[in-house]
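Below: one structure, written as structure tokens.
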Amino acid sequence: MSKYWSPVVKDLVPYVPGEQPKLDNLVKLNTNENPYGPSPRALVAMQAALDDSLKLYPDPESVELKQTIASYYGVRGDQVFVGNGSDEVLAHVFFGLFQQDEPILFPDISYSFYPVYCGLYGIASRVVPLNDRFEIDPADYEQANGGVIFPNPNAPTGRFLPLDQVERVVSANPDRVVVIDEAYVDFGGESAVALVDRHPNLLVIQTLSKSRSLAGMRVGFAIGDSELIEALQRVKNSFNSYPLDRVAQAGAQAAFEDETYFRQSCDGVIAERDRVTAELEALGFDVLPSRANFVFARHPLHRGDVLMTGLREQGVIVRHFNKPRISEFLRITIGMPEQNDALLCALGKMV
Ligand code: PMP
């Protein structure tokens, strides 16, 4: 810390991202990437974008991409906002749509970026414990004076809250924004985009990092009422008016135009998730029911941190959170079948 730092920076507790090791011989199951890789059509589109036109600035509004996303989800172009990954979209949401004086609500076990943005923007928050089955209880969110945010499926639990219960939270807080972070929804969840036309206070956020396997390109988006989108545009234009570069815009658009590949890769992940769950259970693990591209599992006889270290020694990286209630769990990203086999084999030697 230096005397030149601002008081705000001195107090920041930054997000700690999962490790991104360079070693090729590691089985990397720690940051919920999709092992199938981007659509071949998206790769071709990105390569085609690498030409002399890079001397020109990109479209600051990503109009074509927004239109593609709007048609895909059956909404209007003015109901879509895009940003550099959903983390950037979330930053704009926290800055532009949450009340600062009243606490926003989010689950105690949830995406650890939310408290970071609260700290950065001085937003009060109240964490709501998950129930005994690690589920979100909508009754806990019916009086949210500052707004609500939660992932659905939740991370890192993988548990999904059915849409009628999401709608209950949205309907109970008509004067506050309810944000549903659907980073993992395509792996068997149901999207709340279906509800946006009925609820002007609902904002749904998604990403191309998971189901569309473009984590390296950084593309995320929000869908909601045009007035919510307008607030995000104002914030964006106050920070950085070129959120997506030309290559990302081209790749994201092509990814949405390759439905066959998208379905195949999501179905592949889902089938492997169900197999890994069954095999972990056969090894004695408790596995929370997951609708995401990862599973959250604990062993009654073995500590989470010990298992994580033992896996690492065998070349398999998973995520462990040193936090109350979940320190005995491992969060395991679903990889290719052979990667999952390596994980199961390594665990089999330890439990
Ligand atoms: N929301 C949740 C719940 C996540 O787990 C992640 C990924 N870490 C994100 C948002 C951000 O994803 P990205 O910025 O790659 O779109």
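Averaging 1/r over every pair of different alpha carbons in segment 206-303 and inverting the result gives a Kirkwood radius of 16.5 Å. Using only the C-alpha atoms, the convex hull of the chain corresponds to 151 Å³ per residue.
Taking each DSSP H run with n ≥ 4 as -39500 (n - 2.57) and averaging over every residue of the chain yields -11000 deg cm²/dmol at 222 nm.
Net length available on complete extension from MET1 to CYS345 is 119.4 nm, with 0.36 nm assigned per residue and the Cα-Cα distance removed.
Taking label points 7 Å from Cα along the Cα-to-Cβ direction, GLU19 and ASP274 give a separation of 3.3 nm. Once the 1.4 Å probe is applied to the protein heavy atoms, the chain comes out at 45 Å² accessible per residue. With contacts taken as Cα pairs under 8 Å and at least 6 residues apart, segment 208-315 reaches a relative contact order of 17 percent.
Scanning the chain for chymotrypsin sites (Phe, Trp or Tyr not before Pro) lying in DSSP loops with no more than 11 further Cβ atoms inside 10 Å, the longest uninterrupted stretch between such sites is 6-351.
Entry note, segment 84-183: relative contact order of 30 percent, from Cα contacts under 8 Å with a spacing of 6+ residues.
Give the residue from PHE150, MET308, GLY122 lying farthest towards the positive end of the charge dipole for the chain; charges sit on Cβ (+1 for Lys and Arg, -1 for Asp and Glu) and the dipole is referred to the Cα centre. Going by the Cα projections, it comes out as MET308. Listed by chain and number, the lysines placed with their C-alpha closer than 20 angstrom to that of LYS236 are LYS66; residues fewer than eight positions away on the same chain are left out.
Can you give me the relative contact order of the chain as a percent, contacts being Cα pairs under 8 Å and 6 or more apart? Once divided by the residue count of the chain, the mean separation gives 24 percent. Charge dipole (Cα centre; +1 on Lys/Arg Cβ, -1 on Asp/Glu Cβ; no other charges) of the chain amounts to roughly 900 debye.
Placing +1 on the Cβ of every Lys and Arg and -1 on the Cβ of every Asp and Glu, with no other charges, gives segment 1-132 a dipole of roughly 200 debye about its Cα centre.
Restriction of the trypsin sites (Lys or Arg not before Pro) in segment 52-147 to DSSP coil positions whose beta-carbon has at most 12 other beta-carbons within 10 angstrom yields ARG133.
Applying Stokes-Einstein at 10 °C and 1.306 mPa s to the Kirkwood radius of segment 40-153, computed over alpha-carbon pairs, gives a translational diffusion coefficient of 93 µm² s⁻¹.
The values are calculated or read from the model by the stated rules, or taken from the named source; none is laboratory data. Note that the structure is predicted; figures quoted are calculated from it, not measured. All Cβ positions, glycine included, derive from the backbone under ideal geometry; neighbour counts span all protein chains shown. Side chains included, ligands, DNA and RNA excluded: accessible areas come from the protein's heavy atoms. Shrake-Rupley method; radii C 1.70, N 1.55, O 1.52, S 1.80 Å.
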